[in-house]
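Notes follow once the structure below has been shown.
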Amino acid sequence: MNVNNNICVAMLGAVLGLAPVSAQTVPGLEVSHLAGEQNIVAVTDAPRYLLLPVQEDAPEAKVGVISGNEQVGVPANVRLARERVDYYVPLDLSASGGKDVKIDIQGMPAGAACWKEMKLSATFDMANTERYRPVYHHTPAYGWMNDPNGMFYKDGVYHLCFQHNPYGSVWGNMTWGHSTSTDLVHWKYEGDVVTADAWGAVFSGSAVVDKDNTAGFGRDAIVVFYTSAKSSPWGDAQMQCMAYSTDGGKTFTKYGGNPVVTSGERDFRDPKVFWYAPGKHWVMMLAVGQEMQIYSSANLKEWKYESSFGSMQGAHGGVWECPDLVELPVEGTDEKRWVLICNINPGGPFGGSATQYFVGTFDGKKFTNEFPTKTKWMDYGKDNYATVTFSNAPDGRCIAVGWMSNWQYAALVPTKQYRSANTIARDLSLYRQGGDLLLKSAPSKEIETARAGKHAVEPFDVSDTYSLASLLDGNDGAFEIDMEIINHGAEKIVFTLQNAAGESVMMYYDTAMRQFVMDRSNSGATSFSRDFPAMTAAPVPDTGRMRLRLFIDRSSIEAFGDGGKFVMTNLVFPSEPYGSMKFKAVRGSFTVKKMDIYKLK
């Protein structure tokens, strides 16, 4: 889906199909200013939405809906416009149950710009364009997004929930947005399905399909687990709650016995639940400070603490978050091992957030790391975090998706009406390298459904600069390059994506260091954060013959080497699409056996 690109205030009314009139003159809307920066907006004969003007760097105001003298839902924190309007967000009035509604707005001065810019509308436009919005990656229709949550597959449909702020493009008002797809590439926004309540905001979690009705909500009920985060003058607390759906995930009912797991720990969150068949019980993984805690249950309602994992294991530069535990096959063998996925922020290999993993055994109660002396990273870029897997994936597959950003600058990237995207889907497996077991993340086969034409470049002269614009019949910055490279003694094999504005991303194989390197320091807009310009490097098992797949999508590059033996995900913000690719050998030579270029849509 597409949204607007920092549209100026004068154009906003036209984009939304509304006249740019003062709020006080909009029929059915009246503003009353009270003492202490308290305000009441009265709406009569209300349409579905009150469109709220947002200024992203403004202080937050508290916005609540009141109907019949009762609060409807939980008030939201909204950065209402004081001097200018950056974009609009919709306040849905349909839940009020009546045509006459009052909006209680606290913390806004009477002279703020928002009072003249509020609008009433029966619709909210979620089909506008912003130049950096990806073509074939999942993004929120509008607002902020971070961790993927509650992912499951059922009846031919993939469901991806996500941490969502529907009232602005920075973190806040955490709820679960919901999108669906039949091909893991093209997504439909379904609205917000799990929202804040008396227990607090809705943080990250997971979903399961309860095939045997162990919880009593019905056979094949979808049961989601999430962290409720409660703030008070006495401190913050986190607890685990659940909700269930009997209509395939369209709507959810919160369990009346919430919360189901509590703790005295401050960081106690992100429940990942799965069925452990040998023990015939459910397992819940929880991130607790700098360790993972494991719980078990027979019915999804009562949970028993079993063990902890984390002391003296892996990287500990920041808080551990978003755990996952999956059993994977070892390629070329009949063996299987368990992989514990552990997201960490900060403490990543190139600064900020990243995803590490551990390979070992699991007996239903305790995980044991088979390689305790080595830290292993799932992705060697700066922009893959909160990686988790789909529950109930078809054909025994293990499909992972990550949040494509970094907490160092996620709120600063140059988009407005929406922020953040997810990585493309990746199928996970294990492979042996020497005496080690390593994780392989291969692009899921469904990405090929986005291909809109193939251009095979043969014969291939590596001294040429190839025009991607001419090959792609109009380059909108969304394409795939699939190369097979044979090294003939070159110390470095360099290929650079570049555009007419002089912006470029240099990538190369350093054969002496056995690394793949990506340098985005000249990739386009970088000044929004000193942490953004970066050079990232991944270990490469073989520098003699290499296959490299590059997925470029307007504001991101994902590199997959040798079928996913290394992965590197980095954001980029070029002023125009990269229109050509240049090759270079440093000492020695190389050949490209093939280069297939696909336009993706």
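The values are calculated or read from the model by the stated rules, or taken from the named source; none is laboratory data. Every value quoted in this text rests on a predicted model; they were computed, and no experiment measured them. Glycine gets a Cβ as well: all are built from the backbone with ideal geometry, and neighbour counts include every protein chain shown. For accessibility, only protein heavy atoms count, side chains too; no ligands or nucleic acids. Shrake-Rupley method; radii C 1.70, N 1.55, O 1.52, S 1.80 Å.
Miscellaneous remarks
- Only listed residue being over 23 Å from Asn149 (Cβ atoms) and not hydroxyl-bearing (Ser, Thr, Tyr), chosen from Phe358, Phe367, Phe371: Phe371
- Qualifying positions in the range 260-308 - within 25 Å of Phe390 (Cβ to Cβ) and outside any strand (DSSP E or B): Val260, Ala277, Pro278, Gly279, Lys280, Ala298, Asn299, Leu300, Lys301, Trp303
- Look at (1) touching a Ser or Thr at 6+ places or on another chain (Cβ under 7 Å); (2) in contact (Cβ under 8 Å) with a residue 60 or more places away in the chain; (3) closer than 14 Å to Leu325 by Cα; (4) open to solvent by 40 Å² or more (accessible area, probe 1.4 Å) and you find that Glu291 fails only one, number (2).
- Among the candidates Asp212, Asp220, residue that is farther than 21 Å from Ala400 by Cβ, free of Cβ contacts under 8 Å to residues at least 12 places away in the same chain and not β-branched (Val, Ile, Thr): Asp212
- Subset tally (residues that are buried (at least 23 other Cβ atoms within 10 Å of the Cβ), among the hydrophobic types (A, V, I, L, M, F, W, C) and part of a helix (DSSP H, G or I)) for the range 114-138: 1
- Some residue of the range 224-245 being part of a loop (DSSP other than H, G, I, E, B) and open to solvent by less than 30 Å² (accessible area, probe 1.4 Å): no
- The residue that is surrounded by the most Cβ atoms within 10 Å (Cβ to Cβ), counting only those in the range 198-209 that are out of contact with any Gly (no Cβ under 8 Å at 6 or more places or on another chain) and within 19 Å of Lys250 (Cβ to Cβ), is Val202.
- Annotation: Val9 fulfils all but one of (1) modelled with pLDDT under 50; (2) farther than 15 Å from Cys114 by Cβ; (3) surrounded by fewer than 17 Cβ atoms within 10 Å (Cβ to Cβ); the unmet one is (2).
- Subset of the range 139-163 [surrounded by fewer than 23 Cβ atoms within 10 Å (Cβ to Cβ), charged (D, E, K, R) and either within 13 Å of the chain's Cα centre (by Cα) or over 17 Å from Phe274 (Cβ atoms) (or both)]: Asp155
- Scanning the range 521-536 for residues that are assigned to a loop (DSSP other than H, G, I, E, B) and in contact with a Phe, Trp or Tyr (Cβ under 8 Å, 6 or more places away or on another chain) returns Ser523, Gly524, Ala525, Thr526, Phe528, Ser529, Asp531, Phe532, Ala534.
- Gly502 vs. criteria at positive phi and modelled with pLDDT of 95 or more: yes
- Filtered residue count, the range 223-250, keeping only those that are hydroxyl-bearing (Ser, Thr, Tyr) and at pLDDT below 95: 2
- Between Thr195, Thr182, the distinction of being among the β-branched types (Val, Ile, Thr), under 23 Å from Ser94 (Cα atoms) and at pLDDT 95 or above belongs to Thr195 only.
- Verdict on Gly216 being modelled with pLDDT of 95 or more, open to solvent by 10 Å² or more (accessible area, probe 1.4 Å) and either out of contact with any Cys (no Cβ under 8 Å at 6 or more places or on another chain) or small (Gly, Ala, Ser) (or both): yes
- Residues that are touching a Ser or Thr at 6+ places or on another chain (Cβ under 6 Å), without any contact (Cβ under 8 Å) to a residue 40 or more places away in the chain and either open to solvent by 10 Å² or more (accessible area, probe 1.4 Å) or of a type in the set (Ser, Thr, Tyr) (or both), drawn from the range 356-374: Thr361, Thr368
- For the range 427-460, residues that are small (Gly, Ala, Ser), open to solvent by 40 Å² or more (accessible area, probe 1.4 Å), touching a strand residue (DSSP E or B) at 6+ places or on another chain (Cβ under 8 Å) and within 22 Å of Glu335 (Cα to Cα) total 0.
- Which numbered condition Asn406 fails, given (1) surrounded by fewer than 19 Cβ atoms within 10 Å (Cβ to Cβ); (2) within 24 Å of Phe573 (Cα to Cα): (1)
- Some residue of the range 95-112 being more than 21 Å from Gly168 (Cα to Cα), surrounded by fewer than 17 Cβ atoms within 10 Å (Cβ to Cβ) and at pLDDT 95 or above: yes
- Meeting the requirement of 1 or more residues that are hydroxyl-bearing (Ser, Thr, Tyr) and buried (at least 23 other Cβ atoms within 10 Å of the Cβ), the strands (runs of 3 or more DSSP E) wholly within the range 537-579 are 556-561, 566-571.
- Matching residues, the range 308-346, being in contact with a Phe, Trp or Tyr (Cβ under 8 Å, 6 or more places away or on another chain), at negative phi and either open to solvent by 10 Å² or more (accessible area, probe 1.4 Å) or of a type in the set (S, T, N, Q) (or both): Phe309, Gln313, Val326, Glu327, Glu331, Trp338, Asn343, Asn345, Pro346
- Within the range 173-196, the residues that satisfy the criterion of being open to solvent by 10 Å² or more (accessible area, probe 1.4 Å), in a loop (DSSP other than H, G, I, E, B) and closer than 21 Å to Tyr226 by Cβ are Asn173, Trp187, Thr195, Ala196.
- Of all the residues in the range 246-280, those that are farther than 17 Å from Gly177 by Cα, open to solvent by 70 Å² or more (accessible area, probe 1.4 Å) and either of a type in the set (D, E, K, R) or in contact (Cβ under 8 Å) with a residue 24 or more places away in the chain (or both) number 6.
- First in the range 99-113 and assigned to a loop (DSSP other than H, G, I, E, B), second anywhere and among the hydroxyl-bearing types (Ser, Thr, Tyr), Cβ under 8 Å, 6 or more apart: Lys99/Thr44; Asp100/Thr44; Asp100/Ser67
- In the range 35-63, the residues that are under 15 Å from Ala81 (Cβ atoms) and modelled with pLDDT of 95 or more reach residues that are open to solvent by 70 Å² or more (accessible area, probe 1.4 Å) and assigned to a loop (DSSP other than H, G, I, E, B) with C-beta atoms within less than 6 angstrom, at least six apart or across chains, in these pairs: Gln55/Arg84.
- Residues of the range 461-497 satisfying the condition of being at pLDDT 95 or above, under 28 Å from the mean Cα position of the chain (by Cα) and either open to solvent by 50 Å² or more (accessible area, probe 1.4 Å) or charged (D, E, K, R) (or both): Glu480, Asp482
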